[in-house]
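One structure is given here, and the rest of the page talks about it.
The values are calculated or read from the model by the stated rules, or taken from the named source; none is laboratory data. Nothing here was measured: the structure is a model prediction, and the numbers come from that model. Every residue, glycine among them, receives a Cβ derived from its backbone with ideal geometry; neighbour counts consider all protein chains shown. Remember, those area values only see protein heavy atoms, side chains included, never the ligands or the DNA or RNA. Shrake-Rupley method; radii C 1.70, N 1.55, O 1.52, S 1.80 Å.
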Amino acid sequence: MARKVRTEEEDAQIDMTPMLDVVFIMLIFFIVTTVFVKEAGIEVNKPDADQASMRKNANIFVAITDDGSVWLDKREVAVDSVRANIERLLTEQPTDYVIIQADVKAKHGTVVKVMDQIKAAGVDRISVAARG
């Protein structure tokens, strides 16, 4: 029996295209599913509380300063426009919780108005931040 002998050696090559496709698909998946926290954009002096607990899954924060200004998504907003801004943020990133960071000297009426606006936007779970 005659054997067929190869005269030229074939070079083994690795095709990297499928691996790059998988890497790019994973990158797109992680970018799309990433949670972006919408910080209030201002630091307030929160009241002290003995029973304060941390909410890990909240990503929308509303700050109320001692002079009554409301901050949301790193900009100052009017109390009456909190609902529209919360609805906009919810379309970008749905969440169950909104955290209000009210200053210790903030007026109770302003905090209640902001809470009403958040509830009108469709969020039922509202937490008020405190130092524990």
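A few points about this structure:
- Hits in the stretch 87-113 - residues which are in contact with a strand residue (DSSP E or B) (Cβ under 7 Å, 6 or more places away or on another chain), of a type in the set (Val, Ile, Thr) and farther than 14 Å from Asp66 by Cα: Thr95, Val98, Ile99
- Answer residue from the stretch 102-120, given it is more than 16 Å from Asn85 (Cα to Cα) and small (Gly, Ala, Ser) and is surrounded by the fewest Cβ atoms within 10 Å (Cβ to Cβ) among those: Gly109
- All conditions in (1) open to solvent by 60 Å² or more (accessible area, probe 1.4 Å); (2) more than 19 Å from Ile42 (Cβ to Cβ) hold for Val123, with the sole exception of (1).
- Taken over the stretch 76-95, the criterion of being surrounded by 12 or more Cβ atoms within 10 Å (Cβ to Cβ), of a type outside the set (A, V, I, L, M, F, W, C) and within 11 Å of Gly122 (Cα to Cα) is satisfied by Arg83, Glu87, Thr95.
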